[in-house]
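Beneath this line is the structure, given in structure tokens, with notes to follow.
The values are calculated or read from the model by the stated rules, or taken from the named source; none is laboratory data. Treat the numbers as computed from the prediction; the structure is a model and nothing was measured. Heads up, the Cβs are rebuilt from the backbone with ideal geometry, glycines too, and the neighbour counts pull from every protein chain shown.
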Amino acid sequence: MINPEFKRNLWLQFSLHRLIAMPAILGLIFFALSIANNNFLGVVALDSVALILFAGIVCLWGTRNASSAVIEEIRDKTWDQQRMSALDPWTMTWGKLFGATAFNWYGGVLCLAAFVIAALARERSMILVDSLTLAALAILMHAATMALNLHLMRSDLRAAQRGGVTWAVVLLAFVLTPSFRSQIDSSIVWWGQMFYYRSFLAASMIFFAAIAIFAAWRSMRSALQIATIPWAWPLACCVLAAYGAGFSDGAGLLWIALMLALAMTYAALFSEKNDIAFWQRIVARAKAGNWHGLLRNLPIWPTTLALSFCFALLLQFGGDQALPFGLPFRLSATVAGISFLAMTLALMLLRDCCVYLFFAFSFKSKRVGATTVLYLAIINGLLPFLCNVMGLNVLSLLFMPLHIGSGWVMLSIAALHAVLALALLGWRWRQQALRA
Amino acid sequence: MIKISGLTFDYPGHRALHQVSLQVEAGSVTALVGSNGAGKTTLMRCIAGLETPLSGSISVAGLDVLEQPREVHRIMGYLSDFYGLYQALTVAQCFEYAAAAQGLPAPSIPQAIQTTARQLGLTDRLQQTCDKLSRGLRQRVAIGQAIIHAPQILLLDEPASGLDPEARASLAGLFRQLQAQGMTLLVSSHILAELDEYSSHMLALRDGRVLEYRALDHGSTALAPRKSLRITLAQATPGWHAQLAAEPALQINAGDERSADVIFSGDEQAQAALLARLIGGGLAISSFTDQKENLQQSYLRSVASYENGERGENNQNTPSNGRSAS
């Protein structure tokens with residue numbers, strides 16, 4: 001039997017009018033262009049137009065439709081019916097992913113066909129690889145949008161409901177695309193192996209598209225209340241770190257991993273549900289010794305927080321890895337400071353997580369993310385600046401320990417910040433948690 | 001059929017369900033009643049596996065809802081109080097999608113669509129898109145989607161809201177029909193008179209706690225050990241209550257010189273004998289009627305009992321049989 005979710009989307013996407021209109025309009029465009037190419041000089045090549053149309057129909061419009069596949073269910077109050085169905089997460093994921101974008105793919109395949117024909121006529125090289133890259137990019141954008149929407153569904157972020165994710169994904173794709181295009185005919189070294197750039201790009205795009213589909217499937221599992229232990233998020237951090245470190249032949253792997261873990265923790269922390277009722281559920285399971293239940297209810301950000309400390313410990317005690325990037329502050333001058341930087345950053349992350357939870361555990365606070373950002377900006381920026389302009393340089397270091405030359409002092413102040421934040425969080429918990 | 005044990009559910013700063021424990025019998029129609037914010041919708045959503053509780057367990061037909069939500073969904077239908085429909089799809093497409101999504105085998109789907117449409121009076125609307133339907137018809141489509149896979153359990157949150165009296169009557173008929181087919185129903189509504197028509201049990205919630213869960217005695221009163229009677233005389237007779245008080249099986253609740261509301265303990269034979277004795281004693285009885293307690297009265301009595309702090313015996317795990325003491 002055909003996937004019911006896919007079939008439902010086909011019903012919504014296709015009508016006789018649309019079925020005829022898409023090839024008719026595309027055909028008209030290509031026909032007009034081919035006549036123009038025959039009669040005039042300097043007209044845009046047909047294969048390039050086909051690619052532009054593919055980007056518009058599949059990458060832009062398709063991403064919007066992929067986003068709507070989830071957002072509209074919530075807006076139209078049909079999401080509960082879907083969650084109550086017996087469809088498994090994978091069936092639901094691919095049904096939505098390829099069903100909601102089916103009409104876009106219908107037009108996209110026609111554009112790719114036109115591209116292949118026109119490119120063959122112009123004796124263009126690596127046509128199949130370029131087609132694959134584009135198709136993978138489109139799937140990556142669709143799946144990433146769906147995964148993000150499903151993930152953000154658990155938070156109170158209204159931007160997600162307004163289609164903000166679509167624009168973020170599209171913007172990211174269009175910002176990054178020119179840098180890939182600029183190196184199109186060069187080669188690349190990755191983990192010591194040389195690859196032709198276009199082949200490597202195609203393989204990378206397929207790899208990331210697969211990760212995005214996997215992420216959409218995992219997010220769908222959680223949305224459908226299927227018990228999900230959060231192992232994929234830290235694994236993704238490690239895989240992405242390995243991918244990134246490949247470009248420097250493995251140099252700075254741990255630093256890249258740490259930075260990714262920090263970034264992924266912040267991203268997840270600010271986008272997940274973290275209210276006190278949610279955390280009481282987790283604590284109740286911990287008190288009952290139900291560790292499996294605890295892991296199933298745990299948000300994903302604590303996993304990369306833990307991973308940050310693992311990488312920091314490895315950097316502190318295990319290796320003398322050089323920083324793969326420059327530092328914006330005076331610490332770069334002191335080798336002793338660098339060896340303590342990793343653990344200091346991990347402790348500061350812990351502090352920031354506690355600050356976020358402190359606001360999230362309040363019953364009244366509605367803009368937890370914005371409030372946290374505001375207070376972190378005050379602690380990390382405004383207060384040290386104020387101290388500096390008042391000539392209280394020592395006091396400013398107490399707020400922003402990264403500027404201290406001594407590693408131990410830097411670490412101690414970061415630890416003090418973390419302890420204070422934990423104490424504050426404990427106080428808020430005792431005030432707000434409902435008694436069992 | 002549904003077994004709930006120690007269910008507690010929190011919203012930030014508010015406990016919606018407090019240690020709820022109960023067992024819903026297979027084949028029963030339970031009226032879930034309570035004021036706004038009592039926890040009715042939260043309880044239903046927890047049973048449906050749409051929410052994760054703080055603590056406690058829920059099993060449906062032996063399946064753990066928290067462990068196997070998708071398996072539970074195969075045997076369960078749920079109509080949310082804020083449901084939506086796919087506006088651009090026809091009624092037949094909505095039914096087909098619901099049937100397939102609930103795992104009904106493809107060959108049996110056309111028959112299921114026809115049966116459901118017939119049950120809900122939607123046969124002539126199958127090719128109409130949902131955006132063209134009236135509120136009442138949309139409600140019927142939503143109910144149809146919930147029952148198309150013939151679930152063992154059906155959860156309905158305010159199913160009759162927005163329906164006209166005729167549609168409500170036909171909905172009551174449908175629920176009786178579904179119960180006759182062996183389906184277990186849990187229905188939440190504020191319109192208690194409507195629930196009264198088809199409910200076999202009442203589950204009253206207040207502030208997230210079970211006030212009362214018991215069977216309602218709609219059927220024969222022959223076996224009921226205690227019943228409420230109203231005795232009315234043809235004319236005012238001062239002091240006739242003394243005659244009633246002399247009857248050991250009677251307990252006077254209220255009354256005046258012409259009528260009395262009493263609780264009678266005994267079967268039909270004893271009731272006939274009582275009437276004969278009272279007439280024989282010279283009372284000009286013009287009416288002698290069984291005062292069945294309706295759901296509204298039953299619920300209000302539970303609430304009054306709760307507010308008077310008499311909750312001890314009402315917080316029970318399994319429904320009591322017959323009417324509880326007034």
Is it the case that the stretch B:116-125 has a residue that's in contact with a Phe, Trp or Tyr (Cβ under 9 Å, 6 or more places away or on another chain) and more than 30 Å from B:LEU203 (Cα to Cα)?
-> yes
Any helices (runs of 4 or more DSSP H) falling wholly within the stretch A:364-420 and containing at least 3 residues that are at pLDDT below 90 and hydroxyl-bearing (Ser, Thr, Tyr) | none
Select from the stretch A:104-130 the residues that are within 20 Å of A:SER204 (Cβ to Cβ), of a type in the set (Gly, Ala, Ser) and surrounded by 21 or more Cβ atoms within 10 Å (Cβ to Cβ) and list them in ascending order.
-> none
Sole exception among (1) within 11 Å of chain A (Cβ to nearest Cβ); (2) under 30 Å from A:ASN9 (Cα atoms) for B:GLY56, by number | (2)
When only residues in the stretch B:278-296 that are without any contact (Cβ under 8 Å) to a residue 40 or more places away in the chain and in contact with a helix residue (DSSP H, G or I) (Cβ under 9 Å, 6 or more places away or on another chain) count, which is surrounded by the fewest Cβ atoms within 10 Å (Cβ to Cβ)?
-> B:GLY282
Kindly check whether there is at least one residue in the stretch A:77-86 that is in contact with a Phe, Trp or Tyr (Cβ under 9 Å, 6 or more places away or on another chain) and aromatic (Phe, Trp, Tyr).
-> no
How many residues of the stretch A:241-291 are more than 12 Å from chain B (Cβ to nearest Cβ), closer than 22 Å to A:ARG367 by Cα and part of a loop (DSSP other than H, G, I, E, B)? The answer is 3
Is there a residue being under 23 Å from A:ALA209 (Cα atoms), within 13 Å of chain B (Cβ to nearest Cβ) and either without any contact (Cβ under 8 Å) to a residue 24 or more places away in the chain or outside any helix (DSSP H, G or I) (or both) anywhere in the stretch A:104-113?
-> no
Across the stretch A:1-50, which residue is nearest to the other protein chains (Cβ to nearest Cβ) among those that are surrounded by 15 or more Cβ atoms within 10 Å (Cβ to Cβ) and of a type in the set (Lys, Arg)?
-> A:ARG8
Could you identify the single residue in A:ALA21, A:ALA69 that is in a helix (DSSP H, G or I), among the small types (Gly, Ala, Ser) and modelled with pLDDT of 95 or more?
-> A:ALA21
Do you know which of the residues in the stretch A:80-103 that are facing another protein chain (nearest Cβ under 8 Å) and assigned to a helix (DSSP H, G or I) is surrounded by the most Cβ atoms within 10 Å (Cβ to Cβ)?
-> A:GLN81
Is it fair to say B:GLY266 is assigned by TED's automatic domain parsing to the domain that holds B:GLN152, more than 17 Å from B:ASP157 (Cα to Cα), in contact (Cβ under 8 Å) with a residue 12 or more places away in the chain and surrounded by fewer than 19 Cβ atoms within 10 Å (Cβ to Cβ)?
-> no
Single unsatisfied condition, B:HIS190 versus (1) surrounded by fewer than 17 Cβ atoms within 10 Å (Cβ to Cβ); (2) assigned to a helix (DSSP H, G or I) = (2)
Taking the stretch A:186-212 as the search range and keeping residues that are polar (S, T, N, Q) and surrounded by fewer than 15 Cβ atoms within 10 Å (Cβ to Cβ), which one is modelled with the highest pLDDT?
-> A:GLN193
Unique residue being of a type in the set (S, T, N, Q) and either in contact with a Gly (Cβ under 8 Å, 6 or more places away or on another chain) or over 30 Å from A:LYS287 (Cβ atoms) (or both) when the list is B:THR41, B:THR52, B:THR115 | B:THR115
Residue within the stretch B:90-98 that is closer than 16 Å to B:LEU122 by Cα, in the same structural domain as B:CYS46 (by TED's automatic domain parsing), at pLDDT 95 or above and in contact with a strand residue (DSSP E or B) (Cβ under 7 Å, 6 or more places away or on another chain) present = yes
Among residues of the stretch B:78-106 being in contact with a His (Cβ under 7 Å, 6 or more places away or on another chain) and surrounded by 24 or more Cβ atoms within 10 Å (Cβ to Cβ), the residue nearest to the other protein chains (Cβ to nearest Cβ) is B:GLN102
A:GLU123 meets each of (1) in a helix (DSSP H, G or I); (2) farther than 23 Å from A:ILE300 by Cβ with one exception, condition (1)
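Quick grid of which residues meet (1) farther than 29 Å from B:VAL303 by Cα; (2) away from chain A (no Cβ under 12 Å); (3) surrounded by fewer than 19 Cβ atoms within 10 Å (Cβ to Cβ):
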residue: B:HIS14; (1), (2), (3): no, no, yes
residue: B:VAL33; (1), (2), (3): no, yes, no
residue: B:ALA61; (1), (2), (3): yes, yes, yes
residue: B:ASP64; (1), (2), (3): yes, no, yes
Could you pull out the residue among B:GLN243, B:GLN271 that is out of contact with any Gly (no Cβ under 9 Å at 6 or more places or on another chain) and either assigned to a helix (DSSP H, G or I) or farther than 13 Å from B:ASP290 by Cα (or both)?
-> B:GLN271
Among the helices (runs of 4 or more DSSP H) confined wholly to the stretch B:4-121, which include 2 or more residues that are among the aliphatic types (A, V, I, L, M)?
-> B:40-47, B:91-101, B:109-119
Residues A:ILE226, A:ILE300: which one is within 14 Å of chain B (Cβ to nearest Cβ) and either in contact (Cβ under 8 Å) with a residue 60 or more places away in the chain or under 27 Å from A:ALA147 (Cα atoms) (or both)?
-> A:ILE226
